[in-house]
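The structure under discussion appears below in the form of structure tokens.
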Amino acid sequence: MTPANLLDFDLDGLAAFCEKLGEKRFRATQLFRWIHQKGEADFSAMSDLAKSLRDKLAGVAAVTPLSVLSEQASSDGTIKWLFDVGGGNAVESVFIPEDDRGTLCVSSQAGCAVGCRFCSTGHQGFSRNLTTGEIVAQLWFAEHHLRKRLKLAPGERAITNVVMMGMGEPLQNYAALVPALRVMLDDHGYGLSRRRVTVSTSGVVPMIDRLREDCPVALAVSLHAPDDTLRDHLVPLNKKYPIAELLDACNRYLDRAPRDFITFEYCMLDGVNDTPAHAEALVEISRRISCKFNLIPFNPFPESGLVRSPRERVTAFARVLQDAGVVTTVRKTRGDDIAAACGQLAGEVQDRTNAAERMTRAPIQIHRKTKTPSSTPPEKHA
């Protein structure tokens, strides 16, 4: 019998598991704290657990981490880990240190089936969903590894923010995602606030509504185009859930969201979605929902056939939005020298979706470029 991986359980799930062993809930809480707050995987070292429980656990349970295949450090301090998830698949997680926070970008799938045109993961195809334990294991390893590496004081956190922006579409792995989020939020686990845990989605409308009910955390939506015609090309999921439906779901989400706005992510693609007309169209969208825009410099990879918008055009684009009173930031590119920046995570994926054929599409229409005045780019908003 394969031992149960205790990283698969949120606190309620662990309590139910312990109840089957004849143990009360407070024992599950103790165990949960040892695993997540102290990073302990050895039951024999959990000194305040009854020896009878430790003996029971040794036969039926384990804390099963992911094997680290590689670690890369960027010149800007960003760290990327490649984790083995079996079957020839590997996923990537990225730690982004800043003066006032430490952010971990976590993967939810081995690959991705959405197939966004500008995303390296999508070009690799899709193999499978990660389990709750595989999602949580990325945080479990990073938090406790970094505490030792950075020589943090007892109780001091290495990771203050988690963004579900790694490999995969989180809302297409909903059953595993929600327990993982609850572990992150639980005061007996990592104790992160709902404002500091962000789920990024390409727009799976029904699951946005479910997340609103089950575990509302901060929401980021990969928009990348202001109209359905262009977004159909860039984000194929738009054909199923067009922008109007997506905005309605986002407005519903705001009723329960920990923030009073939705973040729209917008990857800046040279000659594709970066004209003043596109910016004006985004201004119209902002009048339909409380939102902010995060403009993301595209991180090129050969298969995409796309190019990053020039810095001055990104600046002019942001100015159109800001002049209209829309909160707009430009994401600072981090970790691009180790392929750890937004859209670059690829890992290793045993594709089951024929991505190479599926992602071969007609070229996107490139708009004629116009000269835009140069100025200082807006400051990054964390």
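Within region 252-264, the only residue that satisfies the criterion of being more than 21 Å from the chain's Cα centre (by Cα) and part of a helix (DSSP H, G or I) is 252. Considered as a group, the residues in region 308-326 that are in contact with a Phe, Trp or Tyr (Cβ under 7 Å, 6 or more places away or on another chain) and among the hydrophobic types (A, V, I, L, M, F, W, C) include one that is surrounded by the most Cβ atoms within 10 Å (Cβ to Cβ), and that residue is 321. Within region 178-192, the only residue that satisfies the criterion of being over 13 Å from residue 139 (Cα atoms) and within 14 Å of the chain's Cα centre (by Cα) is 178.
Of all the residues in region 273-310, those that are over 19 Å from residue 331 (Cα atoms) and in contact with a His (Cβ under 9 Å, 6 or more places away or on another chain) number 3. Which of the residues belonging to region 31-84 are assigned by TED's automatic domain parsing to the domain that holds residue 9 and in contact with a Ser or Thr (Cβ under 7 Å, 6 or more places away or on another chain)? Matches in region 31-84: 54 only.
Scan region 38-60 and give yes if some residue there is more than 30 Å from residue 270 (Cβ to Cβ), in contact with a strand residue (DSSP E or B) (Cβ under 7 Å, 6 or more places away or on another chain), at pLDDT 95 or above and assigned to a strand (DSSP E or B), otherwise no. The answer is no; no qualifying residue exists. Scanning region 18-30 for residues that are out of contact with any Asp or Glu (no Cβ under 9 Å at 6 or more places or on another chain) and in a helix (DSSP H, G or I) yields 18, 19, 20, 26, 27, 29.
Would you be able to say whether some residue in region 265-282 is under 19 Å from the mean Cα position of the chain (by Cα), touching a residue at least 40 places away in the same chain (Cβ under 8 Å), surrounded by fewer than 21 Cβ atoms within 10 Å (Cβ to Cβ) and in a strand (DSSP E or B)? Within region 265-282 (the criterion being under 19 Å from the mean Cα position of the chain (by Cα), touching a residue at least 40 places away in the same chain (Cβ under 8 Å), surrounded by fewer than 21 Cβ atoms within 10 Å (Cβ to Cβ) and in a strand (DSSP E or B)), the answer is yes, since at least one residue qualifies.
In region 284-298, the residues that are within 18 Å of residue 273 (Cβ to Cβ) and among the charged types (D, E, K, R) reach residues that are at pLDDT 95 or above and not in a loop (DSSP other than H, G, I, E, B) with C-beta atoms within less than 9 angstrom, at least six apart or across chains, in these pairs: 292/262; 292/263; 292/264; 292/286; 292/328; 292/329. Which of the residues that make up region 142-160 are in contact with a Leu (Cβ under 9 Å, 6 or more places away or on another chain) and surrounded by fewer than 20 Cβ atoms within 10 Å (Cβ to Cβ)? If the condition is that a residue be in contact with a Leu (Cβ under 9 Å, 6 or more places away or on another chain) and surrounded by fewer than 20 Cβ atoms within 10 Å (Cβ to Cβ), then 146, 152, 156, 157, 158, 160 are the ones that fit. Taking region 100-196 and the helices (runs of 4 or more DSSP H) fully enclosed by it, the elements with 2 or more residues that are polar (S, T, N, Q), within 18 Å of residue 296 (Cβ to Cβ) and at pLDDT below 95 are at 120-124. For region 68-78, the count of residues that are surrounded by fewer than 23 Cβ atoms within 10 Å (Cβ to Cβ), over 21 Å from residue 221 (Cα atoms), in contact (Cβ under 8 Å) with a residue 40 or more places away in the chain and hydrophobic (A, V, I, L, M, F, W, C) is nonzero.
The values are calculated or read from the model by the stated rules, or taken from the named source; none is laboratory data. Here the structure is a predicted model, which is why all the values come from computation and not from measurement. For neighbour counting, all protein chains shown are included, and Cβ atoms are generated from backbone atoms with ideal geometry for every residue, glycine included.
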